[in-house]
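Notes follow the structure.
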Amino acid sequence: MEINNYKIDPLDKEYLDECVNSFRLDLLHEAYMLSKKSDEEGISQKSIDEALANILRNNNVSSKRVYFKGKRLVYLGVLTGLLYTVCGSVIFFVQNTNFRPDKDLGQFVMIMGLAVSACFAIFGIFVNKSRHLFATENSNKLNKQYMIVHKWSEIENLVNSMSPMRVNTIQSILPILLDICKEDISSDDISSVLYLRNKILHDNASIPDFEIDLALRTENRIISKLKEKILVGTGNLK
């Protein structure tokens, strides 16, 4: 069935095509990396299937699960402590009402309940504090991640300034970029940066710090190379 049968606006279709192409690049890169790990001669159907599963898997759920498990444990601990406190209080008052000599049991249970409640309340404070630290670290990490997107936009603008015709798609920019940087920067490095850029921009993925730093260094090298090329071209015009 042709896509026009879905009555999609031309501008929306263009955006859809960009998303499809971006997903295709992500899938191709992931399959390529998996095939390299498996020492395959080329990209196989198995590596494509594994790459598709990896891309569709949500990598950002685990940290949220850990946090909510911690919160649930805190609430459960506090409720357990309160239950001990109530039970201990009831036993204590029953023992005192009946004037039984063994009154220490109720006091012991009540004190245990208070201690459990206090411990889990303190634990809850530390959980909230660690959550705040995690949010702060995550915010700093997000800023570094979006620097990758920002620098790639700068790369696109530099490539556009060198081309007689404006190039709007990654498929148009990439061949020009690979040709300019082929002597200094490998195609694998450039495709890795593009892959991370797409993961951040479209999937809001969390990238390891060492990959962020490596991508930023590669982008800085690309930008320096493009600026050098522009300066050489300007000098030749003079």
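Label separation (Leu201 vs Asn54): 2.1 nm, computed from points 7 Å beyond Cα along the C-beta direction. Report the calculated FRET efficiency for Gln45 and Thr80 (r = Cβ-Cβ distance, R0 = 35 Å), to the nearest 0.05. So, using R0 = 35 Å, E works out to roughly 0.10.
Assuming charge only on the beta carbon of Lys and Arg (+1) and of Asp and Glu (-1), the dipole of the range 7-57 about its Cα centre is about 140 debye to the nearest 20. Charged neighbours of Glu183, selected by a Cβ distance under 15 Å, balance to -1 (K, R count +1; D, E count -1).
Just so you know, all these numbers are worked out from the coordinates, no wet-lab data involved. Because the structure is a prediction, the values reported are computed rather than measured. When we count neighbours, we look across all protein chains shown, and the Cβ atoms used for this are built from the backbone with ideal geometry, even at glycine.
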